[in-house]
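Trainee: One structure is given below, represented as structure tokens, and several questions about it will come after.
The values are calculated or read from the model by the stated rules, or taken from the named source; none is laboratory data. If you're wondering where the values come from, they're calculated on a predicted model, not measured in any experiment. Cβ placement follows ideal geometry from the backbone for every residue including glycine, while neighbour counts extend to all protein chains displayed. Ligands, DNA and RNA are excluded from the accessible area calculation, which covers all protein heavy atoms including side chains. Shrake-Rupley method; radii C 1.70, N 1.55, O 1.52, S 1.80 Å.
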Amino acid sequence: MPAYVIVDIDIQDPVGYEEYKKHASATVFRYGGKYVARGGRTEVLEGDWHPNRVVILEFGSIDRAKEWLDCEEYREPRKLRHKTAKTNMIVVEGLDEPLHNL
């Protein structure tokens, strides 16, 4: 089942964060992930969540997403992200088949 990593990022150091992005992308792709959204425009439709920069990654499974997050290749970029931004991150399991008319 696909899994989606959803991250709300509050960038504290824009220059350092740009450096992080250069290194992070390769690790995402190496673990079979892909970017679904990467900092595009957001609009609050309901509630009082006011996200900063939203990134959504798709992986083949929750296990694969967690392997990426904890992999050796992502260790240093992850430290750099922690130094340059405050983040909230979740992983959510997707659907095997998209829902159509029920």
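Trainee: Can you give the net charge of the other residues whose Cβ lies under 14 Å from the Cβ of F29, counting K and R as +1 and D and E as -1?
Mentor: Here the charged neighbours net out to +3.
Trainee: Also, quick follow-up: Taking every pair of alpha-carbon atoms in the chain, what share in percent sits in each 10 Å bin, from 0 to the bin with the longest distance?
Mentor: Result returned by the calculation: 14, 45, 31, 8, 1.
Trainee: I'd like to check one number: the per residue accessible area of the chain, probe 1.4 Å, reported in Å² as a whole number.
Mentor: Counting only protein heavy atoms, the per-residue value for the chain is 69 Å².
Trainee: Still on this structure, please answer the following. May I ask you to derive the FRET efficiency for L45 and E76 from their Cβ-Cβ distance with R0 = 30 Å, giving the value to the nearest 0.05?
Mentor: 0.25
Trainee: Also, quick follow-up: With the chain treated as a Gaussian network of Cα nodes joined by springs under 10 Å, which of V28, V54, V36 yields the largest mean-square fluctuation?
Mentor: Judging by the Gaussian network model, the answer is V36.
Trainee: Taking the Cα centre of the range 1-65 as origin, work out the dipole magnitude from +1 charges on Lys and Arg Cβ and -1 charges on Asp and Glu Cβ, in debye rounded to 20.
Mentor: Dipole size: approximately 440 debye.
Trainee: Which whole-number percent gives the relative contact order of the chain, counting Cα pairs below 8 Å spaced six or more residues apart?
Mentor: It rounds to 51 percent for the chain.
Trainee: Another one. Per 0.36 nm of contour for each residue apart, how much would the distance between K21 and V92 grow if the chain were fully extended, relative to their Cα-Cα spacing?
Mentor: The K21-V92 span can extend by a further 23.3 nm.
Trainee: Within the range 18-76, what whole-number % of the accessible surface is contributed by carbon and sulfur, with the 1.4 Å probe and all protein chains included in the calculation?
Mentor: 48 percent
Trainee: Ok, one more. Please list, by residue number, every one of the trypsin sites (Lys or Arg not before Pro) in the chain that is coil in DSSP and has at most 10 other beta-carbon atoms within 10 Å.
Mentor: Answer by residue number: R41.
Trainee: Sum up the charges of everything whose Cβ sits under 14 Å from the Cβ of E19, counting Lys and Arg as +1 and Asp and Glu as -1, but leave E19 out.
Mentor: Spelling it out: positives minus negatives among the neighbours equals +3.
Trainee: Return the single residue from H82, H50, H23 with maximal mean-square fluctuation; model: Gaussian network over the chain, springs between Cα atoms under 10 Å.
Mentor: Its mean-square fluctuation being the largest, the pick is H50.
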